[in-house]
Every structure is written in C-alpha cells, then in structure tokens.
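> Supplied in structure tokens, the structure appears directly below.
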Number of protein chains: 2
Amino acid sequence: MKKYRVESGRSFRLEDFDPDDTSAFKGGKQEALVALEALNKKLERLQELLFAEGKHKVLVVLQAMDAGGKDGTIRVVFDGVDPSGVRVASFGVPTEHELARDYLWRVHQQVPRKGELVIFNRSHYEDVLVVRVKNLVPKEVWQKRYHHIREFERMLADEGTTILKFFLHISKDEQRERLQERLDNPEKRWKFRKGDLDDRKLWDQYQEAFEDALRETSTAYAPWYVIPANKNWYRNWLVSSILVETLESLKMQYPKPEIGLEKIVIE
Amino acid sequence: MKKYRVESGRSFRLEDFDPDDTSAFKGGKQEALVALEALNKKLERLQELLFAEGKHKVLVVLQAMDAGGKDGTIRVVFDGVDPSGVRVASFGVPTEHELARDYLWRVHQQVPRKGELVIFNRSHYEDVLVVRVKNLVPKEVWQKRYHHIREFERMLADEGTTILKFFLHISKDEQRERLQERLDNPEKRWKFRKGDLDDRKLWDQYQEAFEDALRETSTAYAPWYVIPANKNWYRNWLVSSILVETLESLKMQYPKPEIGLEKIVIE
C-alpha cells in the first residue's frame, strides 16, 4: 500500500502514478471482488468495534475529478456498515451563510465524534482546487491555505482523529468515456450538467492544483493516497484495504463491562 | 398494514396489540427473510430515487423500551442503502447546551433535507416518555408537549416531509430474556448498564406513557405504527413493508435531463 502514499517533504509528481495500475493486487477482477467481500466483512466488524469502544474518531476524505468515482466508492466500500456509526458529509457549492465565515468553518462542524467514522465527499480541499482553478479568490489568499489545512488536520489528529485522504486518480480518457456514458444512457443522463464540460476543459489546471494540494498537505498524521481509479474493482479493493489496515492498527477493544454483572438474574 | 396504525381521535389501548403477533405475513421466518431481501432491494432503489429526485424529505422515528430492537432494526432494514442519502440521528441524554433551549431545538436541527432519509433513534418523544416517568419536569409542562409535537410535525409535513413513526412493541417477558442474554453473553455484557434494571422496574409507567404519547400524537400526516417486535424477523419485515409502501406512494420520478444533451460528443 505504501507506494500509493504521498510522502511529505518529497518532490511529488502526479504523472508518476498510473491510473491504470493494478499491481498491488495479485489476480484479476473476479478475485478482487471476492477479496473485497472479505474486506467488507472485516470493515463491518471494525466499525462496530470503533463504535463500541467510543474512543477513536475516523475521518476519510475523498477527492477526485468529475466522474472519478467518489459516490461509487462510498456505496461499494461502505456497503453494509451500520448507518448508526457512519456518516457521509457532502460539501457542495458553499451557501451565502457559509461563505460569510472562513472556509474551514463548515468543515469543522462535520468532523467525526468519538466512535464515529465520517466520510467527506469533497471537503476543505475544494478551497485550494476549484477555488484556485476558477480564480474565486486571489492567489495570495489560497496560497496560505495549505498551511492552515496542515495545522487544522494536525489539531484534529492530536485530539484523537485518524485521518485518511484518498485522491481517486483517473485519466483524461477515462473521464471522457464515463461522461459520454452518462450522456448516452437515458437513465443516467439526468446526472449530466453542461457545466461538466467547462471543468473538463480545465483538466490540466485541475491536475496541477491537485498535485500541489497533495504535495503540500500529505503528512504523517493525515496522509494522502493516490488511488489508481480507472478500474473500479481495483479502486474499491485498494481503498478498502488501506482502511481496514489502518483501523486494525488502532488495536481497538470492546469496553469492559461494569463490575458485578455476572451474577445478576433479571426478574 | 393498516391494523398496526394508530388511528387518531380514537380510543387507543396498547394492550390490544400482541407483541407476538405475526398475522400480516403469510408464512414463517424463512419465508419472511426471503421477502425481506426483496423489500431491501426495493428500498435501495426507492432511496436512490428519493435522492435523485431531491424533492421529498423522509423522517423515520424509532421508539421502544430498552432492548426493544431499535439498533437492530436500523442495521437490518437499512442494510445496503447508500450512506450518502441516509442519516441516523441518535438522541441521548441531552447536554447542558441542549437543555438550555427548548426540547424541540436539537431535534429540529436534525430533520431531513430534500432528497434525504433520516432515522431518529429516539427523538423528541423522550420528552414525554422518560421525562414524564422520571418526573424530570412537572406534569403541567410535559402535558402541553403533545400539542407542540402535533403542531411541529404538522409544519414539517406541510413543508414536504413524509413522517413515519414506529413503536417497537415487546413484552415484559421478552425484555427479560433479552437483558438476561446481554448479561450471560461475555461479548455483549459491556452493553449492559445497571441503570437498565431501574427502568425495567418502571415498566408499567413507561407503557402508560407510550400509550398516551401514541394516542395523542398519531395523526394522518405523522402516523404511529405499533410494530409487534418479539420476533425480529416479523418486526424487520413489517417496518420494511410499511416503509417501501409509503415510499412507493410518493410516485417519485428521476429528474429530467437538461435539454440538448443527446447530441453531445465529448472531446
């Protein structure tokens, strides 16, 4: 898994990562689907334990280009987990109310509580991605945000939050195929916005913004992973594997029962 | 399903409902599990449609005595739905911050948005249940709350919220067995609090408080259902059936795509 982790302090280039890569899995799609099912069962147990223990907070950040597979990843990787302990926070275009505060304000309100796993579908990273590419604030404003974000995440981690950040990495060709499929399939057409085409024209600028964001904000306490995402099965398997491995490393335990319960007979 | 609905304006008695009843399902446990699987697939599709259409708001309220099966109902009935569109709001003992406001304040903040399905695990009904039974406020205070609640829910319904309220109805014997099982099973023992025994001693007072609450607040726009819940398979099947039937009655439709998308070829 380590090869997909963006090492902080090093020179990082997105082009060194192949969106078609499937090399960490020994086998093909069918085997991966079987492996995913086993990982999914493990994740269910680990999440139950996380909730029961009520000690750790877990934050998963998902970012990607349009059609990169954020929604699908959430649906498949978290299939079957208990909705009582897992929450998705989706960050769309900020409202007037939100824009009247700093850009971390709305994000801070959605962080996980003890025992909770929260998935950010988009996040504060939009404030150094779309905001930068579309010049919504001047460079001298967004440039300072990498530092804010590093320090904000450091505080969350110091206070007991385990943070995992996934960039779902697709190629420009793969995006074309996925968007075209949305257009050609009458059942999916409603998902398509003409605005998606404008964003696609800014592909290179977005890639550059992602590269800078990942390089600037991947830390030991809140690492970024570049997930090769042209193949859904590999993407799902890899995200699930990293998640399960990370949760297992927390060495969680069920809470101890109150003392003296063994002998109670209920009337 | 109608026979489990508490009709407003009528004299309602909880003792007319048998917690062991399984009469609305033709068949036994095995057949019910198969039927539940089919309902679950339907629910997944309907929730996807709810989210896509982005028009209706859906609120499911779950209340029960201790060990009544609220958590299990959420886990099983909503197994596999997309966490991006489904949220569980659990209401525990109110914090000082919450108690400094009226009792509907924290609840109002958690109501579903357009396209969202929210499950209340406990709710504002605790403010006429535990609060009444344990004399946390005087009778002249909690007595007025039935009216507040009817009017609060009327407003939510008028503004586009579909409300379903389920009372998971178990017998006192069944509660004993379930609590004893928690005590006897070392893996479940941590869930047991000695305080659960105090609540059990107040069984009759709780039943009376539930009876009054259901009678006073079951309305055409926010009906209560008494779910026979001694048998988990029947409880899950019945809640799922009522939910699916209600969602189907909304006649939801996928949104229409933007005009002129058919001919676009993406470069």
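> Given label points at 7 Å from Cα along Cα→Cβ, what nm distances, shortest first, separate A:Y254 from the same residue in every other copy?
Going from nearest to farthest copy, the values are 4.5 nm.
> What is the mean number of Cβ atoms from other protein chains located within 10 Å of the Cβ atom of each residue in peptide B:193-204, rounded to a whole number?
1
> How many percent of DSSP beta bridges within chain B run antiparallel, rounded to 5? Don't skip to the answer; put the middle values down first.
Numbers: 1 of 24 bridges.
About 5 percent, rounded to the nearest 5.
> Next question. P(r) for the stretch A:44-104: what percent of alpha-carbon pairs falls in each 10 Å bin, starting at zero?
With a bin width of 10 Å, the distribution comes to 16, 40, 31, 14, 0.
> Helix A:29-53 against the longest principal axis of chain A: what's the angle in degrees, Cα atoms only, rounded to the nearest 10?
It works out to around 50 degrees.
> Write down, largest first, the equivalent ellipsoid semi-axes of the stretch B:1-94 in whole Å, where each equals the square root of 5 times an eigenvalue of the alpha-carbon gyration tensor. Write down the numbers at each step before the final one.
Details: eigenvalues 128, 80, 49 Å².
Its equivalent ellipsoid spans semi-axes of 25, 20, 16 Å.
> Which ³J(HN,Hα) values in Hz, rounded to whole numbers, follow from the phi angles of the stretch B:251-267 under the Karplus curve 6.51 cos²θ - 1.76 cosθ + 1.60, where θ = phi - 60° and Gly and Pro get x?
Values per residue, Gly and Pro as x: 6, 6, 9, 5, x, 6, x, 4, 7, x, 7, 4, 8, 5, 10, 7, 8 Hz.
> Just name one of A:T246, A:S23, A:H97: the one whose Cα is farthest towards the positive end of the charge dipole of the stretch A:2-249 (beta-carbon charges, Lys/Arg +1, Asp/Glu -1).
Of the candidates, A:H97 comes out farthest on the positive side.
> Starting at 0 and stepping by 5 Å, how many percent of the alpha carbon pairs of the stretch A:142-267 end up in each bin?
Calculated P(r), rounded to whole percents: 2, 8, 12, 14, 14, 13, 11, 8, 5, 4, 3, 3, 3, 1, 0.
> Something else: Can you give me the orientation-averaged projected area of the convex hull built on the Cα atoms of chain B, in nm²?
So the mean shadow area of the Cα hull is 18.5 nm².
> While we're looking at this one, here's another question. Tell me which residues come under 5 Å, amide H to amide H, from A:V88 once H is placed; ignore anything under 5 positions away on its chain.
Placed amide hydrogens put A:I119 under 5 Å from A:V88.
> Just counting partner chain Cβ atoms within 10 Å, what average do the residues of peptide A:66-77 show around their Cβ?
Working: counts 0, 0, 0, 0, 1, 3, 0, 0, 3, 7, 0, 0.
Per-residue shielding by partner chains comes out at 1.
> Take each of the peptides A:105-117, A:221-233, average the number of other beta-carbon atoms within 10 Å over its residues, and list them starting from the highest.
Details: A:105-117: 17.1, A:221-233: 21.7.
In descending order of packing, they fall as A:221-233, A:105-117.
> Taking only Cα atoms, what is the 0 to 90° angle, nearest 10, from helix A:172-184's long axis to the longest principal axis of chain A?
That helix lies at roughly 90 degrees to the long axis.
> Taking beta carbons within 10 Å but only from partner chains, what does the mean come to for residues B:250-257? Mind dumping the intermediate values first?
Working: counts 0, 0, 0, 1, 6, 3, 2, 9.
Mean number of neighbouring Cβ atoms from other chains: 3.
> Charges only on Cβ, +1 for Lys and Arg, -1 for Asp and Glu: so what's the dipole of the protein assembly as shown about the Cα centre, in debye to the nearest 20?
Numbers: 90 positive and 90 negative charges, 35 e Å.
In total the dipole reaches around 180 debye.
> Run the dipole for the stretch A:1-138 about the Cα centre, Lys and Arg Cβ at +1, Asp and Glu Cβ at -1, nothing else charged, and hand back the magnitude in debye, nearest 20.
Values: 22 positive and 21 negative charges, 87 e Å.
Value, rounded to 20: 420 debye.
> Collect residues whose amide H, placed 1.01 Å from N in the peptide plane, falls under 5 Å from the amide H of A:T162; neighbours closer than 5 in sequence don't count.
Residues meeting the criterion, in which the H sits 1.01 Å from N, are A:K57, A:V58, A:L59.
> Can you tell me the order of A:204-214, B:122-132, B:87-97, A:251-261 when each peptide is scored by its average per-residue count of other Cβ atoms within 10 angstrom, highest first?
B:122-132, A:204-214, B:87-97, A:251-261
> Here is a follow-up. Over the stretch B:223-267, what number does the Rg to Rh ratio reach, with both radii from the alpha-carbon atoms and Rh per Kirkwood?
Numbers: Rg = 20.2 Å, Rh = 14.3 Å.
That ratio is 1.41, to two decimals.
> Related question: Of B:G85, B:G27, B:G160, which has the largest mean-square fluctuation in a 10 Å C-alpha GNM of chain B?
Ranking B:G85, B:G27, B:G160 by mean-square fluctuation puts B:G27 first.
> Also: For the stretch A:17-24, in order, what is each residue's ³J(HN,Hα) by Karplus, 6.51 cos²θ - 1.76 cosθ + 1.60 with θ = phi - 60°, in whole Hz (x at glycine and Pro)?
For the stretch A:17-24, the Karplus curve yields 10, 8, x, 8, 4, 9, 6, 7 Hz.
> Return one number: the angle in degrees, 0 to 90 and rounded to the nearest 10, between the long axis of the Cα atoms of helix B:203-217 and the longest principal axis of the Cα atoms of chain B.
Roughly 40 degrees, rounded to the nearest 10.
> Moving to a separate point now. In nm, what does the list of distances from A:Q207 to its counterparts in the other copies look like, shortest first, when each label sits 7 Å along Cα to Cβ?
7.0
> To continue, here is another question. Please express the Cα-Cα pair-distance distribution P(r) of the protein assembly as shown as a list of whole percents, one per 10 Å bin, running from 0 to the bin with the greatest distance.
3, 16, 26, 26, 17, 9, 3, 0
> Going 7 Å from Cα along the Cα-Cβ axis for the label, what nanometre distances separate B:Q30 from the same residue across the other copies?
From this label point to the equivalent ones elsewhere in the assembly: 3.1 nm.
> Please sort by residue number the trypsin sites (Lys or Arg not before Pro) in the stretch B:161-197 whose DSSP state is loop and whose Cβ has at most 14 other Cβ atoms within 10 Å. Intermediate results must be reported in sequence, preceding the final value.
Working: sites: B:K165, B:K172, B:R176, B:R178, B:R182, B:K188, B:R189, B:K191, B:R193, B:K194; in loops: B:K188, B:R193, B:K194.
Those that pass, being in a loop and sparsely packed, are B:K188, B:R193, B:K194.
> Calculated FRET efficiency, A:D173 and B:Y221, Cβ-Cβ r, R0 35 Å, to nearest 0.05? Show your work: numbers first, answer last.
Values: r = 52 Å, r/R0 = 1.47.
Given R0 = 35 Å and the Cβ-Cβ separation, E is 0.10.
> Under the Karplus relation 6.51 cos²θ - 1.76 cosθ + 1.60, θ = phi - 60°, what is the ordered set of whole-Hz ³J(HN,Hα) values for the stretch B:223-234, x standing for Gly and Pro?
Couplings: x, 8, 10, 8, 9, x, 10, 5, 9, 4, 4, 6 Hz.
> Just A:L62, A:L33, A:L164 to compare: in a GNM of chain A, with alpha carbon springs under 10 Å, which one fluctuates most?
Maximum fluctuation in the GNM of chain A, among the listed residues, is at A:L33.
Computed from the coordinates by the stated procedures, all read-outs in this text should not be read as laboratory data. From a predicted model like this one, the values you see are computed outputs, not experimental measurements. FYI the Cβ positions are ideal-geometry reconstructions off the backbone, even for glycines, and counts take in every protein chain you see.
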